[in-house]
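A.B. asks: The structure follows.
The values are calculated or read from the model by the stated rules, or taken from the named source; none is laboratory data. None of the values given here were measured: they were computed from a predicted structure. Note that we place each Cβ from the backbone using ideal geometry, even for glycine, and neighbour counts take in every protein chain shown. Ligands, DNA and RNA are excluded from the accessible area calculation, which covers all protein heavy atoms including side chains. Shrake-Rupley method; radii C 1.70, N 1.55, O 1.52, S 1.80 Å.
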Amino acid sequence: MKIQVLGMGCAKCHSLEANVREAVAKMGISAEIEPVKDLQKIVGMGVMATPAIAIDGKVVSSGRMLSPSQIMELIKQNQQ
């Protein structure tokens, strides 16, 4: 599983990345977590509001700060 945290590096983006890491650790799953700060890549994924999260290339949240428990739910819904 690959989880991307999309954002230009603002405080919310860093906090969201930390929450993603916490959610993955709590779930005990293996996931590659990649921060994406390149504006062209972010826009290319269809994201107009950051921070955002993409799981395996699919944007699942945009423009919202999520808690670790909310992120865990998104991961569960998008596991293959």
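A.B. asks: So which residues in region 35-49 are of a type in the set (Val, Ile, Thr) and open to solvent by 60 Å² or more (accessible area, probe 1.4 Å)?
C.D. replies: 43
A.B. asks: State which residue pairs qualify: first residue under 18 Å from residue 38 (Cβ atoms) and inside region 1-27, second residue acidic (Asp, Glu) and part of a helix (DSSP H, G or I) in any location, beta carbons under 7 Å apart, and separation of 6 or more residues or different chains.
C.D. replies: Listed pairs, sorted by first residue: 5/17.
A.B. asks: Which numbered condition trips up residue 55, out of (1) farther than 20 Å from residue 10 by Cα; (2) of a type in the set (A, V, I, L, M, F, W, C); (3) open to solvent by 40 Å² or more (accessible area, probe 1.4 Å)?
C.D. replies: Going through (1) farther than 20 Å from residue 10 by Cα; (2) of a type in the set (A, V, I, L, M, F, W, C); (3) open to solvent by 40 Å² or more (accessible area, probe 1.4 Å) one by one, residue 55 breaks only (3).
A.B. asks: Could you grab the pairs with beta carbons closer than 9 Å, sequence gap of 6+ or different chains, first residue in region 29-54 and farther than 19 Å from residue 74 by Cβ, second one open to solvent by 60 Å² or more (accessible area, probe 1.4 Å) and not in a loop (DSSP other than H, G, I, E, B)?
C.D. replies: From residues that are farther than 19 Å from residue 74 by Cβ, the pairs are 38/44.
A.B. asks: Check 62, 15, 30, 69 and return the single one that is open to solvent by 40 Å² or more (accessible area, probe 1.4 Å), among the hydroxyl-bearing types (Ser, Thr, Tyr) and modelled with pLDDT under 95.
C.D. replies: 30
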